[in-house]
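The values are calculated or read from the model by the stated rules, or taken from the named source; none is laboratory data. Given the structure is predicted, the values throughout are model-derived calculations rather than measurements. Counting neighbours? That spans all protein chains shown, and the Cβs are built from the backbone with ideal geometry, glycine included. For the accessible areas, the whole protein counts, side chains as well, though only heavy atoms, and no ligand, DNA or RNA atoms are used. Shrake-Rupley method; radii C 1.70, N 1.55, O 1.52, S 1.80 Å.
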Amino acid sequence: MGLLSDPNRRRALISLLTRLNAPICGMPVDWLVKTMQARGLEVFTQRFSRTLPFPDENNERYIVEGTNVYGILRAPRAPRTEALVLSAPCSPGDDNNQAVGLLLGLAHYFRNQVFWAKDIIFLVNEHDLIGMQAWLEGYHHTNTTGMDWSPLQGRGGSIQAALSLELSSDVVTSLDIVLEGLNGQLPNLDLANLFYAFCQKIGVLCTIQGRIQRNDWDSVSGYSHAVQTMMLMVMKQASGRSWGDHGLFLRYHIEAATIKGINSFRQYKTDATTVGRLLEGMYRKLNNLLERLHQSYFFYLMPSLSHFVSIGYYMPAFGLLAVILLLRALDLWVQLATPPSRNEDGVADIEQSSTGVLSVLTPLVISHLTGAALYMLPVRFQEMAVEHFQVSETEAVVLTAIAVYTGGLALPHNTHRLISGEGTEQGWRVLKLVAVLYLAVLLGCTALINFSLGFILALTLVPVASFVTPHVPKLLSAVVLVILSPAFTLLFSVFIFQELQEMPVSFQDGWMLYLSVISQGILDHYLYGSLVYPLIALMVYPCWLLFWNILFWK
């Protein structure tokens, strides 16, 4: 298999790549072009640049400039209308040089085979997701994020499937498959099944969420292990971020996954040649596809690679929560339809029966204006915050978001009285009916797009919608509402996620991680089009504010 089967040549290739790929020099574009051309590929480059809305302190970057290098292996016996992609991110340093070396070895081996019916595109993208976003936009002639990139000079056919490779060592103990993509999208389950089948055939230890599959499903410990694995997938999917380069392919209806090599202290070891055999087998199977992957599920949760929970099993759990909202709305409708009480003279109490349109409309408008401020002000006012406070741009964005979120609690529940006077008993019922129906529709639409996010929001917001009235104890209810608010739900999720990963953190470290998650969520929206931040700011938070209004209704 050429470079793939000769470990000495492969090590020499990776050693040269490591020397060239220094942190100062960046990705060795010219060397990659010459190396791919030597393997008989049609090689092209794409330059791109992106100015972030505020600095990404996690990756220490603000203005990103880079070059993608890709080579196309043309299908020798096909009309070249379809293609497969194998990618490996390459950034300054040597974190993923093993993956790039294996990609070049596979390109050399694939070039000598004559059975390919689809173009094979070997892509080395710089700056991880940003480079991948630029390449995908150039390949599909779209520009949804405002990134500057040069047009692609060479294209293959319509991309059917893609795999992204991440290897930190030439010897790994297991291969982990990453499925969660942008906005909670998942590839067709057949892609995960294909990976698992070849791992079993070749004898490679495979994991999902970094966890080894257990066989004692009937035991308490085995069941707990499966539940924790599935909860990790729920948390990752709910975040809406792409957990690998593959996640951006899913936006273009391309089935993709990331295969990540894990090197731990386990005695089981797998070398790069075995990993190459696995990838070759997967691409040969994908090469034989006559149509896109669609036979299996697109909506699923996986407690292990050999088991899955389909949408037909987990959606009823969400449906039970949604039914609570519908029953509460029906109860409010019946109360509103009940004839108003009459006084001793037999005259209806007009004050109690008058709802006052402004008393209901005003909280709706103010709540959504607060949500719009939460969405727009943090990025727009970062320069002003930096001038007045000794903070960085990233800290200014996060602290402004927290300030707007907290300040919104003091505005809406007083505003309706400024316009329409004291609220009536019927008024808060009408407002709650609107809020409950709004929440039911919002959670239903969210669950159809990203079930995990919709389910987590339902677990916290449905109890709020059920019990809140102006007549419950104010202080205790206000504390409960704040604890079940979207901001605290995110905070709890950070700690739970760390516990599930068996990496618990202190409260101080958890708080810093919480602030980092907020900044990354905002960045993901502006860079890649993640919908979680605008969904929370423009819809979920205003909806929660309506229930906050009802609690302080007078």
* Structure fact -> Ser91 fails exactly one of (1) closer than 28 Å to Phe381 by Cα; (2) touching a residue at least 24 places away in the same chain (Cβ under 8 Å); (3) in a loop (DSSP other than H, G, I, E, B), namely (1)
* To do: Could you list all residues from the stretch 408-443 that are small (Gly, Ala, Ser) and at pLDDT below 90?
  => Gly408, Ala410, Ser420, Gly421, Gly423, Gly427
* Would you call Ile120 touching a residue at least 40 places away in the same chain (Cβ under 8 Å), among the β-branched types (Val, Ile, Thr), under 22 Å from Gly40 (Cβ atoms) and crowded, with 20+ Cβ neighbours inside 10 Å? -> yes
* Structure fact -> Selection from the stretch 132-163 of residues part of a strand (DSSP E or B), open to solvent by 50 Å² or more (accessible area, probe 1.4 Å) and not small (Gly, Ala, Ser) yields Asp148, Trp149
* Structure fact -> With criteria (1) modelled with pLDDT under 60; (2) closer than 29 Å to Tyr139 by Cβ; (3) not hydroxyl-bearing (Ser, Thr, Tyr), Leu32 comes up short on (1)
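Those residues that are free of Cβ contacts under 8 Å to residues at least 60 places away in the same chain and either loosely packed, with under 15 Cβ neighbours inside 10 Å or not hydroxyl-bearing (Ser, Thr, Tyr) (or both), I need them from the stretch 506-516; list them, please.
Ser506, Phe507, Gln508, Asp509, Gly510, Trp511, Met512, Leu513
Which of the residues belonging to the stretch 300-339 are without any contact (Cβ under 8 Å) to a residue 40 or more places away in the chain and under 25 Å from the mean Cα position of the chain (by Cα)?
So the first thing to find is which residues in the stretch 300-339 are without any contact (Cβ under 8 Å) to a residue 40 or more places away in the chain, and the list is 310, 312-313, 316, 319-320, 323, 327, 330-331, 334, 337-339.
Listed by number, the residues that qualify are Ser310, Gly312, Tyr313, Pro316, Gly319.
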* If you scan the stretch 43-101, which residues turn out to be touching a His at 6+ places or on another chain (Cβ under 8 Å) and open to solvent by 60 Å² or more (accessible area, probe 1.4 Å)? -> none
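Residue by residue, here is whether (1) touching a Ser or Thr at 6+ places or on another chain (Cβ under 9 Å); (2) under 30 Å from Trp135 (Cβ atoms); (3) among the small types (Gly, Ala, Ser); (4) open to solvent by less than 70 Å² (accessible area, probe 1.4 Å) holds:
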| residue | (1), (2), (3), (4) |
| --- | --- |
| Leu491 | no, no, no, yes |
| Pro504 | no, no, no, no |
| Leu527 | yes, yes, no, yes |
| Val532 | yes, yes, no, yes |
| Leu535 | yes, yes, no, yes |
| Met539 | yes, no, no, no |
